[in-house]
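Just so it is clear, none of the values below were taken in a lab; they were calculated from the coordinates. Because the structure is a prediction, the values reported are computed rather than measured. Cβ placement follows ideal geometry from the backbone for every residue including glycine, while neighbour counts extend to all protein chains displayed.
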Amino acid sequence: MKKEYLLILEKAKSRYNQTKKSMSILSKRSIKSFDRILQSIHAEVFENIDCTKCANCCRKLGPLFNETDIEKMSSHCGLRRKDFVEKYLRMDEDGDHVFKSMPCPFALEDNLCSVYEIRPRACREYPHTDEKNMQPKLARLAQNTLYCPAAYLISEKLIERCG
């Protein structure tokens with residue numbers, strides 16, 4: 001991982017409780033054009049972040065798999081759905097399909113993804129900061145700051161602009 005990103009994650013960890021508190025406050029405030037503001041910050045941060053220099057999410061988190069993801073991935077791997085699930089996935093405590101173990105079995109040594117074009121929806125959308133109606137979901141953003149340098153930078157800019 002790029003040293004700069006490690007330093008950001010260290011800072012995020014040390015400030016996690018404050019970030020969590022700030023996100024809780026922001027999630028309850030009436031903020032006009034919140035989605036537009038957050039999407040603007042998302043675009044601004046990702047102009048300077050290269051996920052392939054980090055890939056911490058691929059090593060530590062792993063996505064939730066929906067049925068479409070499972071179908072695409074199993075087909076790509078030349079496996080029946082049942083066999084793909086048996087080989088790679090387990091059910092978590094919420095009844096969602098997740099990887100049996102981390103890091104992601106499709107992550108390559110160079111931080112690239114061997115199934116990038118068909119990666120699960122949760123991977124495509126991570127850290128979920130350009131979704132609509134994000135304000136009530138800011139607790140998830142706070143949690144993601146522990147794994148994603150971009151999420152931390154986005155949360156800091158959001159606090160600065162809306163806090």
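Here are the numbers for the structure shown:
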| read-out | value |
| --- | --- |
| The stretch 62-125, relative contact order in percent, only Cα pairs under 8 angstrom and at least six apart counted | 43 |
| The stretch 1-42 shape via C-alpha gyration tensor axes, a/c threshold 1.5 | oblate |
| Folded to 0 to 90 degrees: helix 16-28 orientation relative to the chain principal axis, Cα | 80 |
| Expected 222 nm ellipticity per residue - DSSP helices of 4 or more, -39500 (n - 2.57), all of the chain, to 500 | -15500 deg cm²/dmol |
| Distance (nanometres) between label positions extended 7 Å along Cα→Cβ at ARG15 and SER40 | 2.0 |
| Using alpha-carbon coordinates, inclination of helix 67-76 to the longest axis of the chain, degrees | 50 |
| Once exposed loop GluC sites (Glu not before Pro) are cut out (DSSP; at most 15 other Cβ, 10 Å), longest piece of the chain | 1-46 |
| ARG29 paired with GLU109, simple spin-label distance in nm, labels 7 Å along Cα-to-beta-carbon | 4.8 |
| Euclidean distance of C-alpha centroids, the stretch 1-63 and the stretch 80-109, integer Å | 25 |
| In Hz, Karplus ³J(HN,Hα) per residue of the stretch 147-152 (6.51, -1.76, 1.60; θ = phi - 60°; x = Gly, Pro) | 10, 10, x, 4, 4, 5 |
| Label zone at GLU47 (point 7 Å along Cα-to-Cβ), backbone N below 18 Å, the stretch 112-131 | 130 |
